[in-house]
1. Where the Cα atoms of the range 39-102 are projected onto their three principal axes, how long is each span, largest first, in whole Å?
2. Give the Kirkwood hydrodynamic radius (Å, one decimal) of the range 165-212, defined as one over the mean of 1/r across all pairs of different Cα atoms.
3. Using only the alpha-carbon atoms, how far is helix 223-235 inclined from the longest principal axis of the chain? Give it as 0 to 90 degrees, nearest 10.
4. With all pairs of different alpha carbon atoms counted, what Kirkwood hydrodynamic radius in Å does the range 59-160 show?
5. As a test of the definition: which semi-axes, in Å, follow for the range 230-318 when you take the square root of five times each eigenvalue of its alpha carbon gyration tensor? Largest first, please.
6. Long-range amide H contacts for Arg59: which residues qualify at under 5 Å (H placed 1.01 Å from N, peptide plane, sequence gap of 5 or more or a different chain)?
7. Per residue, what volume in Å³ does the Cα convex hull of the range 301-385 take up?
8. For every helix of n ≥ 4 consecutive DSSP H residues, a contribution of -39,500 (n - 2.57) applies; sum these over the chain, divide by its total residues, and give [θ] at 222 nm rounded to the nearest 500 deg cm²/dmol.
Amino acid sequence: MINPRKIFITAIMLVLLSMCGCSRSDEPYVYYLNYKPEADAAWQELAAKYTEETGIKVRIVTAASGTYHDTLSAQLNKSTCPTFFNCSNIQGLENMGDYPLDLNGTDLASRLKTRDFCLQGDNGELYGIGFCYEAYGLITNKALLREAGYDVCDINNFEQLKTAAQDIHARREDLGFDAFTSSGLDSSSSWRFSGHLANMPLYCEFEKNGIVTQPAEITGEYLGLYKNIWDLYINNSSIAGNELSSATGNRAEDEFGSGRAVFFQNGTWEYSVLTDPDKYGMSPDDLSMLPIYCGAQDEENFGLCCGTENYWVINSKADQESIEATLDFLDWVVTSEDGKKMLAVQFGVTPFKNALPTDNVFFLDEQRYEEAGRHPITWEFSKTPNVDVWRNGVTSALTDYSAGTGTWEDVESAFINGWKYQYRLEHGIM
C-alpha cells in the first residue's frame, strides 16, 4: 500500500522515526495529537469525562495552526508518543511509512456506515478513518446584509457579490461594519487562502481537464479567478494590505462574531464557536454560507466546497496495550452520548452509525444547494505536493502583492512553478 521511499517530513526524519518508534509505557495510555485548534476545548472536556469513567489517561495535545506536521514528527520521536493523530490526504498517508495501523476488524471500523470518508490501501486496508465531512464558503451575517439593503438571495455570482461588497465598504462609516473580515496571512489564518481559496482555480482547471490524481504540473489557467476574489477581499475590509502579514485567524473570527463584517471565508467548523453563548452568541437565524463566487463559468450552479482532510490514524508503533486503549476510547467517542454530542456540535456530519443529526445551518445550506441542483466543489487542494512548503510560497507571494511590494506575476509563479518544483522534490525527480 505504501511506497517506502516516500518521505514523511524529510528522509532523515523518517529514518529516525523508524529507528526509534515509541517505547513501552508502564500502563496503557491514549494520546491524541489534535489538528484543529478550534476543537481543543471540546476534546479536553471529553477526554476528562472518559478518564473519570474508565481511569484510562487520555492526553490531548493541539498543534498550533500551520505547525501540525512539524509537531507530529517531533512528537513521534518521543518516548511517550501519540497513539493516534491526524492525516489530511492519501499523499500524507503514503509519507507516513508503516506508522498507520490497519483498522479492519476493529469495533471502530464496524461503526462506519460508509467508507467514502476513509483512506484505504491497495488491498483494502483501512488506514485512515475520516471522522467528519466539512464544507466551507463565505459565512454571511444575514442580519447585517439586510441592514445594508441586500439579501443572500440577491447574491448568486461574483458580480453580485462584488456590487454588494463594494457598496458596503463605501458606506462602512455610516453602517458601522465592513464587507469582509481581514484576510490575515499570519500562519493561523493563511491556510484559508493558500489552501481553501486556492482550491477555486485548482477545481476549475482539474474539472476542465479531467484530472483526478496529483498532477506533476499545473497550468494556472484560472488564476484570474483567484485574483478576482483576493482583490475583492483585501480592498473591501477594514485592514490595509500591508498589515495582512500579522493579521491572525482569531482577529477575523472576532470581526465577524462581533458584528463588524458581513462576510467571513471559513467553514462549517466555525458554527459552534459563533453560536456559543459564552463566546459570540450569534443567532443561527442570522447565519448562512454562500459559495465562493469568483467569476467562474456556471458558478450560479456552484454549491459549497465540500470534503474532508480529517482522518484518524492509529500509531502502529505504540505498545499494544495503548493501541487497544486508543481503539476503546475512539469507539466510546463514536457510540457514547457524550461523544456523539461532541462530534455533532464540533464537526457536524459524521460517517458513523447512529450519529446525531446536525443543527449546523451551514450544513443545512449545503443540503439546500444540492436539493436545488447545485453541485458541491470538491477539495482539489488535497492534491498539493509538499503542501506546507508550497502553501508557504504562495502565502509569501500573496503577502508581498497585498503590501504593494510584489506583483501578481509573483503569485502566479509561486502557484505554478512552486507546484512543479515541490512535486519533483516530493517524488525524488530532482
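Computed from the coordinates by the stated procedures, all read-outs in this text should not be read as laboratory data. None of these values were measured; they are calculated from a predicted model. Virtual Cβ from ideal backbone geometry, glycine too; neighbours counted across all protein chains shown.
1. If we take the Cα atoms of the range 39-102, the spans are 37, 26, 22 Å.
2. After inverting the pairwise mean of 1/r, the radius is 13.2 Å.
3. With rounding to tens, the tilt is 70 degrees.
4. It is 17.5 Å.
5. 25, 21, 18
6. Val30, Tyr31, Tyr32
7. Value for the range 301-385: 116 Å³ per residue.
8. -12500 deg cm²/dmol
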